[in-house]
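K.L.:
Pasting in a structure now, in structure tokens, and then I'll have a few things to ask.
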Amino acid sequence: MLRSGVRGVALGWLLLCLGLSSAVLPSPAQAASTQAAAALQSDAASRLDAPAREAGGSPADGPAGVRAGVAPLPVPEGYRELRSGGLIFQYHPSLTARVTRLVAAERGFTEQLREQLAVSKEQEFLQGVVVRVAPDTARMRELSPEGHAYPEYAVGVAFPAYRVVLLSAAPLHPSQPHELGEVYRHELAHLALHEALGGRAIPRWFNEGWAIHASGESAASRTSALFTATLSGNVIPLRELEGRFPEGESDASLAYAEGADLVRHLLSDGQEHRFQALLLRVRDGARFEQALLDSYDLDLFNLESEWRESLAKRFTFLPVLFGGGAISALMFGLLLLSYRRQKQRAAVKLARWAREEAAEDARVALLRRLEAERAALAQATAAPGTVKVVVVAPQGVDVGAVLRGLAQSTEAGDAAGSPAGASAKEGTEEAAEGAESPEAPAQPSASERPERVVPLGPTVPVVPFNEIRGERHTLH
């Protein structure tokens, strides 16, 4: 009896211990999940502390390994200088007009950054930062500090330790859009964030996302890459974007898009006060993940999960909404609209061609008529001796004296080498000789040549002219 009682007590105690252990200790699955989350957080913290601090918080489109306390970069030879609002602009002489417009347009951007980053008015901010503008990416690369490489696709670079921003006035490829003011705002935002946080370590995606947000860059240019990656399941995990961005241009474009969208997510729904609280905590020395947890009640793992859910809601509903028949109807509507626009453009083009052909026909007809008239006039006055001169004078007028005077008036034409003047002189001399000779006939004999009739009289001016096809043409 006693033994059975002891056995019962022992069995009860054993069951109690097993119950307590099952309540206190997690299941194997729970333990694995907890260990994975802890490993992720530990790995994230190590990546944030070591590489980012070593890089001095330099941006992704800036070089790694830049340290504070270095000598300033020398001024490029031949570059001009312009100071505005504490910033120093150094630029190639060929870019004077563009830099002047840039300075005027971005005059208030520094104060805008101060307000967004919660920097007090008493604190010195971006004073003495040098902005250097090169004509193209090749010469921009020549201005970078020796030994500090940056991505090939960059058209702007920020060097926080040197407090220098390099800009290219031309895009990497001629066909790419390039807005110098947008690149300037992006790179200056990197320096502003670095200065506002006192050089504290932050994830690379946060740095780039903030710069895109502050520069006012259009989200549409990033949406396409993010949309494609979401539908294909190729979104880059945040743990791969904490230290460095991918080197490839297409992968880097997706990384920039993710960083910009994550910062947009942190600022959405009126959470600007949480964002500034995050910045203040980092500035005061807290690690980024701890500051995020204190400000948003989220760690990096949960932030990424929440953000991916928002991506799914924003992008994956489109194939459902426009599936099957809806896509066919939409495509048919687009084809019909395109056909109507092509017909309208064709009608306008045909009308323009008709007007151009009518104008060309009129021009050709006018040229032909003018050519015919010129040929007729040239045939009538082509060579000497083809014009018969007929002198008509009142009775008592000395015809010989008048014709000699007319011959003298044509000597000017002979001096200029005018064929018409020479033929007129020869004709008047022949007429004068005929008038003085008693043997000359009173009237000229009939001829097939055109006649030049010269009326003479005391009150009528002597004007020679040709009669061609029944019309008289005066000779001047």
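K.L.:
Determine the distance separating the Cα centre of region 268-303 from the Cα centre of region 166-219; give it in Å without decimals.
P.N.:
21 Å
K.L.:
Continuing with the same structure: Of the options 279, 227, 268, report the single residue whose Cα projects farthest towards the positive end of the charge dipole of region 203-317 (beta-carbon charges: Lys, Arg +1; Asp, Glu -1).
P.N.:
Projecting each Cα onto the dipole axis, the largest value belongs to 268.
K.L.:
Between residue 316 and residue 273, what is the label-point separation in nm under the 7 Å Cα-to-beta-carbon projection?
P.N.:
So the two model labels end up 3.4 nm from each other.
K.L.:
Something else: Taking the Cα centre of region 203-317 as origin and charging only Cβ (+1 Lys, Arg; -1 Asp, Glu), how large is the dipole, in debye to the nearest 20?
P.N.:
Taking the Cα centre of region 203-317 as origin, the dipole is about 120 debye.
K.L.:
Shifting gears a bit: What order do you get for 186, 194 when you list them from fewest to most C-beta neighbours inside 10 Å? Don't skip to the end; give the middle numbers.
P.N.:
Details: 186 25, 194 22.
Fewest-to-most Cβ neighbours within 10 Å comes out as 194, 186.
K.L.:
Another question about this same structure. May I ask you to sort 236, 202 by Cβ crowding, counting other Cβ atoms within 10 Å and putting the fewest first?
P.N.:
Details: 236 17, 202 22.
Least to most surrounded, the residues fall as 236, 202.
K.L.:
Kindly put 339, 150 in sequence by how many other C-beta atoms sit within 10 Å of each C-beta, fewest to most. Could the numbers behind the result be given before it?
P.N.:
Values: 339 10, 150 21.
Starting with the residue having the fewest Cβ neighbours, the order is 339, 150.
K.L.:
Round to the nearest 0.05 the FRET efficiency obtained for residue 280 and residue 97 when R0 = 51 Å and r is the Cβ-Cβ distance.
P.N.:
FRET efficiency, residue 280 to residue 97: 0.80.
K.L.:
Quick check: residue separation of residue 124 and residue 173 times 0.36 nm, minus the Cα distance between them. What number comes out in nm?
P.N.:
13.8 nm
K.L.:
Please report the projected area of region 203-317's Cα convex hull averaged over all directions, in nm².
P.N.:
Convex hull of Cα atoms, orientation-averaged projection: 7.1 nm².
Read-outs: derived from the displayed coordinates by stated rules, not from any lab. Since we're looking at a predicted model, the values are computed, not measured. Note that each Cβ is placed from the backbone with ideal geometry, even for glycine, and that neighbours are counted across all protein chains shown.
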